[in-house]
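Enquirer: Mind having a look at this structure? Questions to follow.
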Amino acid sequence: MTYEIATLRGDGIGPEITDEGVKVLRAAAEVTPGLDLEFTQLAGGADHYAEHGEVAPDSTWKTMRSAHAILLGSMGHPDIRMPDGTEAQGHFIVNARKSLGLYAGVRPIKLYPGARGIDPNQKHVDLVLVRESTEGLFASFGGGAEISGEVYADTMIVTRKGTERVARHAFELARTRSGRPQDGDRRVTCVDKANIFRSLAFFREVFDGVATEYPDVTADHALVDSFAMLLIQHPERYDVLVTENMFGDILSDLAAALVGGLGLAPSGDIGDEHAMFQPAHGSAPDIAGQDKANPVATIVSGRMMLDWLASRHDDDALRAAADVVERAVVTTMESGALTADLGGELSCSQFGDAVAATVRRLAAEAG
Ligand code: ATP
């Protein structure tokens with residue numbers, strides 16, 4: 001089957017890393033009988049806003065909606081701002097999440113060979129953070145309240161429907177995993193501030209209600225402040241985490257430090273009908289155009305996209321392609337082929353070439 005992938009390369013390092021992601025995905029499709037991936041390149045992002053006064057043209061939104069999935073590089077530039085002072089790319093991302101119903105921000109945090117987290121002795125990091133992505137403190141993004149330029153307010157919105165669906169996503173995900181590294185216990189930890197905020201006490205209450213549908217998965221709670229410390233000290237205690245939008249935004253960057261930085265952290269924004277995959281990092285303008293960014297997060301986001309498409313379309317060809325991409329990334333990194341952020345010598349494009357070659361080699365070996 002042919003799958004149409006709406007592709008936005010974005011700004012900064014976005015084009016470089018997207019090209020490597022597409023290169024590896026094309027190699028995976030090439031070695032997988034019955035699978036065809038068609039990448040449609042779309043306009044959008046901060047540079048597009050600077051030139052055209054809109055973050056993306058109507059045709060981009062239309063194709064994102066009709067495509068089977070969306071692959072995004074990274075967007076944004078700190079100097080390209082809306083009249084209200086907010087960065088342009090935020091408007092693209094938040095609008096995409098809201099208009100396409102992408103309520104689950106899924107951020108796997110896993111140690112790859114050659115990558116060292118903040119504690120070099122910590123070998124057991126394999127967790128997934130699920131961030132509620134359509135409400136919480138981001139609900140009033142682009143709006144909020146202002147009084148005479150002296151008082152500003154953004155409101156935290158937590159709904160039963162929004163919390164139920166993201167909690168369910170987290171429990172379903174836990175069922176597909178092999179549990180926390182410490183003891184294999186499948187668990188979902190609700191990270192909140194239920195002791196202080198009514199909205200987050202409600203988030204926990206709804207989470208507990210959903211948990212009763214999943215007696216085979218341990219339901220756990222943590223308060224976000226002490227959790228931030230425990231996550232760094234004992235990542236092996238966690239399997240799947242679910243949290244409000246703003247907490248998830250912050251915790252996912254913190255969690256990336258456990259596995260060697262942002263260049264290694266993939267993400268998926270997933271809804272019931274659509275999904276968009278992109279590295280968890282920003283557009284890194286400090287290294288843009290130098291062919292030295294690490295494309296692992298983008299390549300692994302592409303692997304997540306294949307997995308999502310596989311379960312949505314029940315297609316074994318996609319499952320096989322996802323599997324060979326993951327194995328190729330691990331094998332390549334195990335061989336010591338690494339980019340500069342991990343102390344290696346490969347450029348972004350050389351690393352992409354190495355993974356694509358490994359995809360072909362693994363497929364040839366498998367016969
Ligand atoms: P945003 O707010 O748009 O998410 P940010 O403020 O988190 O962006 P990034 O653009 O993610 O910032 O960059 C943070 C730091 O991490 C920069 O020093 C950047 O060079 C580095 N970095 C980010 N992504 C990569 C990557 N793929 N490879 C190597 N270094 C990266």
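Read-outs throughout are calculated quantities, based only on the coordinates presented, and are distinct from any laboratory measurement. Not measured: the values here are computed from a predicted model. Backbone-built Cβ (ideal geometry, glycine too); neighbour counts: all protein chains shown.
Enquirer: What is the magnitude of the charge dipole of the chain about its Cα centre, with +1 placed on the Cβ of each Lys and Arg, -1 on the Cβ of each Asp and Glu, and no other charges, expressed in debye to the nearest 20? Numbers along the way, then the final one.
Expert: Numbers: 33 positive and 54 negative charges, 137 e Å.
Using only the charged Cβ atoms, the result is roughly 660 debye.
Enquirer: Evaluate 2.2 N^0.38 Å with N set to the residue count of the chain, then give the Cα radius of gyration divided by it. All intermediate terms of the calculation are to be shown ahead of the outcome.
Expert: On the way: Rg = 19.9 Å, N = 367, 2.2 N^0.38 = 20.7 Å.
Taking N as the residue count of the chain, the ratio is 0.96.
Enquirer: Gap in Å between the Cα centre of region 280-312 and the Cα centre of region 1-30?
Expert: That distance is 9 Å.
Enquirer: Next up: How large is log10 of I(q)/I(0) for region 42-166 at q = 0.11, 0.19, 0.23 Å⁻¹ when the intensity is taken from the Debye formula with one equal scatterer per alpha-carbon?
Expert: So the normalised log intensities are -0.55, -1.16, -1.29.
Enquirer: Oh, and also: Do the sum for the chain: with -39,500 (n - 2.57) for every DSSP H run of n ≥ 4, divided by all residues, what is the mean residue ellipticity at 222 nm, to the nearest 500 deg cm²/dmol? Kindly include the intermediate steps, with their values, before the conclusion.
Expert: Working: 11 runs with 154 residues, N = 367.
Value at 222 nm, helices only, nearest 500: -13500 deg cm²/dmol.
Enquirer: Sort 273-279, 338-344, 151-157 by packing, meaning the average of other beta carbons within 10 Å per residue, with the highest value first. Present the calculation step by step, with values, prior to reporting the outcome.
Expert: Working: 273-279: 23.4, 338-344: 18.7, 151-157: 12.3.
Ranked by mean Cβ neighbours within 10 Å, highest first: 273-279, 338-344, 151-157.
Enquirer: Quick check: net charge around Met64, other residues with Cβ under 12 Å of its Cβ, Lys/Arg +1 and Asp/Glu -1?
Expert: Working: positive: Lys62, Arg65, Arg97; negative: Glu4, Asp58, Asp269, Glu273.
Neighbour charge sum, excluding Met64 itself: -1.
Enquirer: Next question, about the same structure. What percent antiparallel are the DSSP beta bridges of region 121-257, to the nearest 5?
Expert: Numbers: 4 of 18 bridges.
Among the beta bridges of region 121-257, antiparallel pairing accounts for roughly 20 percent.
Enquirer: Now, a different point. Would you kindly compute the Cα radius of gyration of region 250-295 and its largest Cα-Cα separation (Dmax), both in Å?
Expert: Cα only, region 250-295: 12.4, 38 Å (Rg, Dmax).
Enquirer: Regarding region 151-235, what are the three Cα extents along the principal axes, ordered largest first, in Å?
Expert: Here the Cα extents, ordered largest to smallest, are 49, 31, 17 Å.
Enquirer: Once you've got the GNM for the chain with C-alpha springs shorter than 10 Å, pick whichever of Leu306, Leu72, Leu173 has the biggest mean-square fluctuation.
Expert: Sorting by GNM fluctuation, first place goes to Leu173.
Enquirer: Same structure again: For region 117-259, what does the equivalent ellipsoid look like in terms of its semi-axes, each the square root of 5 times an eigenvalue of the Cα gyration tensor, given largest first in whole Å?
Expert: Numbers: eigenvalues 156, 73, 26 Å².
With the √(5λ) rule applied to region 117-259, the semi-axes are 28, 19, 11 Å.
Enquirer: Only bridges whose two residues both fall in the chain count here: according to DSSP, what percent of them are antiparallel, nearest 5?
Expert: Numbers: 20 of 49 bridges.
Roughly 40 percent of the beta bridges in the chain run antiparallel, per DSSP.
Enquirer: Then there's this: Decide, for region 266-364, between rounded, prolate and oblate: order the square roots of the alpha carbon gyration tensor eigenvalues as a ≥ b ≥ c, take rounded if a/c falls under 1.5, and otherwise choose prolate if a/b is larger than b/c, else oblate. Please list the in-between numbers first.
Expert: Numbers: a/c = 3.00, a/b = 1.32, b/c = 2.28.
Taking the square roots of the gyration eigenvalues as a ≥ b ≥ c, region 266-364 is oblate.
Enquirer: Dipole of region 1-124 (Lys/Arg Cβ +1, Asp/Glu Cβ -1, origin at the Cα centre): which of Val31, Gly10, Val106 lies farthest to the positive side?
Expert: The one lying farthest along the dipole's positive direction is Val106.
Enquirer: In addition: In the Gaussian network model of the chain, springs joining C-alpha atoms below 10 Å, which of Asp192, Asp19, Asp208 carries the largest mean-square fluctuation?
Expert: Most flexible of the set in this elastic network: Asp208.
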